[in-house]
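The values are calculated or read from the model by the stated rules, or taken from the named source; none is laboratory data. Keep in mind that this is a model prediction, so the values were computed, not measured. No Cβ is skipped: glycine too gets one built from the backbone with ideal geometry, and neighbour counts run over all protein chains shown. Side chains are part of the model used for accessible areas, which takes the heavy atoms of the whole protein and leaves out ligands, DNA and RNA. Shrake-Rupley method; radii C 1.70, N 1.55, O 1.52, S 1.80 Å.
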Amino acid sequence: VRPYLQAWDRASTDGVDRLVANSQHIAGKIRRFWGREASVVPPPVELDRFTQMPLAGGGQGGYFLWLGAFAPYKRLDVALEAFRTLSTPLWIVGTGQEASRLTSGPLPPHIRFLGNVPDAALPALYRDARALLFTPEEDFGITPLEAQATGRPVIAFGKGGALETVTPKTGLFFPEQTPASLATAVRQFDAWEASFRPEDARAQAERFSRARFQQAIQAEVEALLDLPPS
């Protein structure tokens, strides 16, 4: 049934006047699968929640942070297996459908599961981490921007939306979604970290403010209203 569903999916967009994607990554998929062009309006990050603390003193917790739902595509397993070969602390926030599988069995003492934490505690967790680990291929991905808003860098899988939210100044990319590739990036982090500036990370996050999002959406609506009647 796949060819039928693909044809139906593509035909379902014929009546849509204008398409807006949340990233260049998704705009590329729209181009490939639907044969349509899409404008890009990235979603906003709640900057006010994450920029209240000063930048000085970040990363003092000494741990790397993984945060998200325990779903298969999030690839928490990549981080767990990578840190079995490392001695650096890894703190994990979240839960989900794979919780029983991922938390069963012995883990090294430097890997710590925190479960769900209150929203009010997240800014401090980000800020005290050495870096956020971002293992999935996401359409966009908000958590890298939240980490950068607190002035912390990101170690991200080099595919998908992370390529549009993390820069060489604000993070490292690992090229393969494997434990070995992530572990190599973590080992390289010590040398890379010497040139990292927290203000660069915050400035990158501020590019995705709510005000800019609202302006971009308004421009899309105005462009649509200017189209001639079909």
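Just the number: Rg to Rh for the stretch 72-122, Cα atoms, Kirkwood Rh, two decimals. Ratio of gyration radius to Kirkwood radius for the stretch 72-122: 0.96. Ranking 188, 144, 39 by Cα position along the charge dipole of the chain, where only Lys, Arg, Asp and Glu carry charges on their C-beta atoms, puts 188 farthest toward the positive end. The local environment of residue 18, defined by Cβ-Cβ distances under 10 Å, has a net charge of -2 under the rule Lys, Arg +1 and Asp, Glu -1.
Classify the stretch 22-127: rounded, prolate or oblate, from the alpha-carbon gyration tensor (a ≥ b ≥ c, eigenvalue square roots; a/c under 1.5 rounded; otherwise prolate if a/b is larger than b/c)? Oblate. Just the number: Rg to Rh for the stretch 103-172, Cα atoms, Kirkwood Rh, two decimals. Ratio of gyration radius to Kirkwood radius: 1.00. When 34, 192, 66 are compared by accessible surface with a 1.4 Å probe, the order from highest to lowest is 34, 192, 66.
The stretch 1-49 and the stretch 54-69 have Cα centres lying 34 Å from one another.
Applied to the stretch 120-127, the Karplus parametrisation 6.51 cos²θ - 1.76 cosθ + 1.60 on θ = phi - 60° returns per-residue 3J(HN,Hα) values of 5, 8, 5, x, 5, 4, 4, 5 Hz, with x for Gly and Pro.
Put simply, the convex hull of the Cα atoms in the chain casts, on average, a shadow of 14.8 nm².
Label sites at residue 139 and residue 177, each approximated as a point 7 angstrom past Cα along Cα to Cβ, lie 1.6 nm apart.
Ranked by solvent-accessible area (1.4 Å probe, protein heavy atoms only, all chains present), the residues 63, 4 order from largest to smallest as 4, 63. Here is the tail figure for the stretch 122-219: Cα pairs spaced more than 16 Å apart come to 54 percent of all pairs. Residue 119 contributes about 100 Å² of solvent-accessible surface, heavy atoms of the protein only, 1.4 Å probe.
With protein chains left intact and a 1.4 Å probe, residues in the stretch 103-228 average 48 Å² of accessible area per residue.
Could you tell me what percent of the accessible area of the chain is made up of carbon and sulfur, with a 1.4 Å probe and every protein chain present? Heavy-atom surface of the chain belonging to carbon and sulfur, 1.4 Å probe: 54 percent. Across the alpha-carbon atoms of the stretch 169-209, the computed radius of gyration and Dmax are 12.3, 35 angstrom. Only helices enter this figure: runs of n ≥ 4 DSSP H residues, each worth -39500 (n - 2.57), summed and divided by the residues of the chain, yield -12000 deg cm²/dmol at 222 nm to the nearest 500.
Computed from the Cβ-Cβ distance with R0 of 25 Å, the FRET efficiency linking residue 10 to residue 224 stands at 0.75.
Exposure check, 1.4 Å probe, all protein chains in place: residue 55 carries approximately 50 Å² of accessible surface.
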